[in-house]
1. Candidates [x] 1.01; [y] 0.96; [z] 1.24; which is the computed Cα Rg over 2.2 N^0.38 Å?
2. Could you work out [θ]222 nm for the chain from helices alone, using -39500 (n - 2.57) per DSSP H run of at least four and dividing by all its residues? Round to the nearest 500 deg cm²/dmol.
3. With both partners inside the chain, how many of the DSSP beta bridges are antiparallel, as a percent to the nearest 5?
4. What is the fewest-to-most order of 222, 168, 133 by other Cβ atoms lying within 10 Å of their Cβ?
5. For 48, 134, what ranking results if the residue with the fewest other Cβ atoms within 10 Å of its Cβ goes first?
6. Taking N as the number of residues in the range 175-229, what value does Rg over Cα atoms divided by 2.2 N^0.38 Å take?
7. Which of the three applies to the range 27-99, rounded, prolate or oblate, going by the alpha-carbon gyration tensor with a ≥ b ≥ c and a/c under 1.5 meaning rounded?
8. I want to verify a result. In a Gaussian network model of the chain, Cα cutoff 10 Å, which of these has the top mean-square fluctuation: 183, 59, 148?
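Each value in this text was obtained by applying a stated rule to the coordinates, not by laboratory testing. Since this is a predicted model, take the numbers as computed values, not measurements. Note that we place each Cβ from the backbone using ideal geometry, even for glycine, and neighbour counts take in every protein chain shown.
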């Protein structure tokens, strides 16, 4: 595997930012590792961080590089600060960045496939919310999305923290008007439309403070005709749980090698 910390300029954000990228490499003599590279451009997993983290966190807290070595997947881990993957009311346009500019820039730098069936997104906590929002708003771009302990009621978590400064910065004074930031509203819309629909995977620990919101989203998903997988079990909002579950996500993804 090749590991790249990529510094680049974003025209959407109008600032320099970073992404951490893992690229497949076929090797024959690397001790302790079995690496695989598929023919052609790389299938890609966009792996999203949580509220207090950055683009390096998945690499630092899990063995994601080792887990993807045999899959042929490239992994793109972007930086979005505390934006909740939104075009902020008082801040930067992180939704436009993550949904439009980032994939185009990453594909201009690296040999990544643009085919829908080769593109996936996953994340934890705030990133779980971002992953589901990407797949539900851009189903023509992503074949599958996975949420690990996601903040599924994206308009709620910060609002619950009285006086939390991030909430108004992200959603403004009237968050109820931001329908396209509401996963429950997006589920209703995708169920009424034609065209491709993403596979969805959701998991949450039963001791997680976001468990109730995850159950509500699970119940809403079960009312749709989406290809949907839900898992729960003992666990809280911590990296031991996410390190284990990201391996389940990789096994679940509709990769050519997983079929």
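1. [y]
2. Working: 8 runs with 70 residues, N = 259.
Taken over the chain, the calculation gives -7500 deg cm²/dmol.
3. Numbers: 14 of 39 bridges.
Rounded to the nearest five, the antiparallel share is 35 percent.
4. Numbers: 222 10, 168 16, 133 28.
Final ranking by Cβ density, sparse to dense: 222, 168, 133.
5. On the way: 48 31, 134 26.
Lowest to highest Cβ neighbour count: 134, 48.
6. Values: Rg = 12.3 Å, N = 55, 2.2 N^0.38 = 10.1 Å.
Against the compact-globule rule of thumb, the ratio is 1.22.
7. Details: a/c = 4.91, a/b = 2.10, b/c = 2.34.
Oblate, since a/c reaches 1.5 and b/c is not below a/b.
8. Maximum fluctuation in the GNM of the chain, among the listed residues, is at 59.
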